[in-house]
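The values are calculated or read from the model by the stated rules, or taken from the named source; none is laboratory data. Remember, it's a predicted structure, so these values are computed and weren't measured experimentally. Positions of Cβ are backbone-derived with ideal geometry, glycine not excepted, and every protein chain shown enters the neighbour counts.
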Amino acid sequence: MAQQEDLLKNIISHAKEYGFVFQSSEIYDGLSAVYDYAQNGAELKKNIRDYWWKAMVQMHDNIVGIDSAIFMHPTVWKASGHVDAFNDPMIDNKDSKKRYRADVLVEDHIAKIEAKIAKEITKASKRFGDSFDEQQFRETNPRVLANLEKIEGIKKRLYPAMDENDMEAIKLLIEDLGIACPVSGSRNWTEVRQFNLMFSTQMGSTAEGASEIFLRPETAQGIFVNYLNVQKTGRMKIPFGIAQTGKAFRNEIVARQFIFRMREFEQMEMQFFVRPGEEMKWYEYWKEERMNWHKSLGIPAEKYRFHDHDKLAHYANAAADIEFEFPMGFKELEGIHSRTDFDLSAHEEFSGKKLRYHDPELNKSYVPYVVETSIGLDRMFLAVLTFAYTEEMLEDGSNRVVLKLPPILSPYKVAVFPLLKKAGLPEKAHEILDGLKSDYMCFYEEKDSIGKRYRRHDALGTPYCVTVDHQTLEDNTVTIRERDSMKQERVKIEEVSGIIAARLKA
Ligand code: GAP
């Protein structure tokens, strides 16, 4: 675990040192859980966004993309349930003065019991070898059974208490489980209180005329309220989808772990409108599609897993997370939710406008059901960095840090270096750069030794470095160095573009 914590620390300092992510307003000591993307981070983030947009919008004939405003009519959030139900229960420890999400304290306690079960299983599987039957062990081992029963007992108390907003019951559960503050170690807790996560501000110039509006906590509602406009103007037929990417804001109680949980973040969401009754088919379809998208980046499948929700949000009849193995363990990266007709029906009711679709095949009008895929762009950024960040010991005993980014996501696809800052080499390097830069993000660098320049671009995740030397002037060849293998090859200048293009398709 300590090693994993070090990994997160190393990623954070690498992200700062190499111009990926800075703390917001750093010269004023920062703003909690708000971050800025720097010159290389902005490129990486844009590439992730483009990769998502291409897979969702460009590759699907029946999905279109929009860009709705962050500010929306305040009644949108009443209809969506966010004004009344977008709350987290919070609790403070009186000794450490630390604030926690009460349900997360209980879920962390459950995770500890699950870890005990996993330990028993690992021990037994070593003892029994090939003949080990995990399911039978789970069903018969008394210690495992007792722990499973404990977990069930806790869930039976936590979930109804959450559903019924019973803060006293959650407090009692924390006390009964003997949960202590991870910082002070004490069990000296305040009462549990509900906390609405939406940020609000005033729209209008005079105090009397101003109205309270919210910064959107999800991009999805901008899609719902535009669904009929898009359907009509785009002549879309069900099933069809609307996608968008954009900022969302949540006043998170506990905002830690770098860009994993932020107060201002970006989502990439798609609402897929389907016939009522067909939602489970599409829910399964999108679960698989989205998992395949992750795997298409070449990140190993074992870094991902599904987590089906026991407790459903107020709008869903089925929900699953795609979890990724972050340095802090497996955590939610993306959600796939079957949202029924909850949102559209609520907007019909609150706006008084019909939001029905006339299905020409069924000759019937209905409020469509919705299956949503929702991924945090910043979380995906952290997932990609977690996968890519590699510390290597080389054959000569030296160390290198390399970002093994999927090349399609790398901020720069190629760096061009003149071996020396003289003898016509910079001019030739610029000529090569000019030939590549309309197709690829390129970087030109002539400072420092060639070895240092290679290391710097390893750290940025640049898949190829092209070096221009004296021979280049004689025969128009360059050396091209591949980031992961560090192999160098001499190739003709006109071959460079094709080599990069082939790698980007792979
Ligand atoms: N429209 C559905 C929705 O917003 P969600 O599970 O609350 O569902 C979707 O959020 C995704 O947005 C999450 O899986 C996560 O990747 C990202 N996300 C949510 N809150 C976040 C936060 N505070 N910081 C960064 N990413 C966040």
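Determine whether the stretch 180-199 contains at least one residue that is without any contact (Cβ under 8 Å) to a residue 12 or more places away in the chain, under 27 Å from residue 78 (Cα atoms) and in the same structural domain as residue 104 (by TED's automatic domain parsing). Checked against the condition, which is being without any contact (Cβ under 8 Å) to a residue 12 or more places away in the chain, under 27 Å from residue 78 (Cα atoms) and in the same structural domain as residue 104 (by TED's automatic domain parsing), the stretch 180-199 yields no hits at all.
Taken over the stretch 36-63, the criterion of being more than 27 Å from residue 271 (Cβ to Cβ) and in a strand (DSSP E or B) is satisfied by 36 alone.
Applying the condition of being touching an Asp or Glu at 6+ places or on another chain (Cβ under 7 Å) and among the basic types (Lys, Arg) to the stretch 276-306 and asking which residue is surrounded by the most Cβ atoms within 10 Å (Cβ to Cβ) yields 290.
Could you run through the stretch 457-500 and say how many residues are part of a helix (DSSP H, G or I) and either over 35 Å from the mean Cα position of the chain (by Cα) or touching a residue at least 60 places away in the same chain (Cβ under 8 Å) (or both)? Counting residues in the stretch 457-500 that are part of a helix (DSSP H, G or I) and either over 35 Å from the mean Cα position of the chain (by Cα) or touching a residue at least 60 places away in the same chain (Cβ under 8 Å) (or both) gives 14.
Hey, any hits in the stretch 192-202 for a residue that's touching a His at 6+ places or on another chain (Cβ under 7 Å), over 24 Å from residue 81 (Cα atoms) and modelled with pLDDT of 95 or more? Step through it out loud before you land on a result.
Within the stretch 192-202, the subset touching a His at 6+ places or on another chain (Cβ under 7 Å) is 198.
Filter once more, keeping what is over 24 Å from residue 81 (Cα atoms): none.
Looking for residues that are touching a His at 6+ places or on another chain (Cβ under 7 Å), over 24 Å from residue 81 (Cα atoms) and modelled with pLDDT of 95 or more, one finds none in the stretch 192-202, hence no.
Can we say residue 174 is in the same structural domain as residue 96 (by TED's automatic domain parsing), modelled with pLDDT of 95 or more and either surrounded by fewer than 12 Cβ atoms within 10 Å (Cβ to Cβ) or under 20 Å from residue 96 (Cβ atoms) (or both)? In short, yes.
The set of residues from the stretch 169-179 being farther than 14 Å from residue 88 by Cα and in contact (Cβ under 8 Å) with a residue 24 or more places away in the chain comprises 173, 174, 177, 179. Applying the selection to the stretch 72-97, what residues are under 19 Å from residue 339 (Cα atoms) and among the charged types (D, E, K, R)? If the condition is that a residue be under 19 Å from residue 339 (Cα atoms) and among the charged types (D, E, K, R), then 78, 84 are the ones that fit. Determine if the stretch 344-358 includes at least one residue that is within 9 Å of the ligand (Cβ to nearest atom) and of a type in the set (A, V, I, L, M). Within the stretch 344-358, not a single residue is within 9 Å of the ligand (Cβ to nearest atom) and of a type in the set (A, V, I, L, M).
For the stretch 365-373, the condition holds for at least one residue, the condition being that it is of a type in the set (Ser, Thr, Tyr) and under 24 Å from residue 291 (Cβ atoms).
Here is a list: 266, 212, 252. Which entry is away from the ligand (no atom under 14 Å from the Cβ) and either charged (D, E, K, R) or modelled with pLDDT of 95 or more (or both)?
Values: 266 fails: away from the ligand (no atom under 14 Å from the Cβ); 252 fails: away from the ligand (no atom under 14 Å from the Cβ).
Result of the check over 266, 212, 252: 212.
Please specify each residue of the stretch 269-292 satisfying the condition of being over 18 Å from residue 343 (Cα atoms) and either among the charged types (D, E, K, R) or within 16 Å of the ligand (Cβ to nearest atom) (or both).
Across the stretch 269-292, the qualifying residues are 281, 284, 286, 287, 288, 289, 290, 291.
Among the conditions (1) touching an Asp or Glu at 6+ places or on another chain (Cβ under 8 Å); (2) within 30 Å of residue 355 (Cα to Cα), residue 66 misses just one, which is (1).
Within the option set 238, 242, being over 16 Å from residue 340 (Cβ atoms), among the aliphatic types (A, V, I, L, M) and more than 11 Å from the ligand (Cβ to nearest atom) holds for one residue only, 242.
Are any of the residues in the stretch 89-99 under 25 Å from the mean Cα position of the chain (by Cα), more than 24 Å from residue 241 (Cβ to Cβ) and surrounded by 18 or more Cβ atoms within 10 Å (Cβ to Cβ)? Yes, the stretch 89-99 has at least one match. Applying the condition of being within 14 Å of the ligand (Cβ to nearest atom) and of a type in the set (Asp, Glu) to the stretch 309-329 and asking which residue is farthest from residue 9 (Cα to Cα) yields 321.
Among the residues in the stretch 118-135, are any modelled with pLDDT under 95, at negative phi, surrounded by 13 or more Cβ atoms within 10 Å (Cβ to Cβ) and of a type in the set (Val, Ile, Thr)? Yes, the stretch 118-135 contains at least one residue that is modelled with pLDDT under 95, at negative phi, surrounded by 13 or more Cβ atoms within 10 Å (Cβ to Cβ) and of a type in the set (Val, Ile, Thr). How about the stretch 435-488: which of its residues are polar (S, T, N, Q), touching a strand residue (DSSP E or B) at 6+ places or on another chain (Cβ under 7 Å) and under 20 Å from residue 388 (Cβ atoms)? If the condition is that a residue be polar (S, T, N, Q), touching a strand residue (DSSP E or B) at 6+ places or on another chain (Cβ under 7 Å) and under 20 Å from residue 388 (Cβ atoms), then 462 is the only one that fits.
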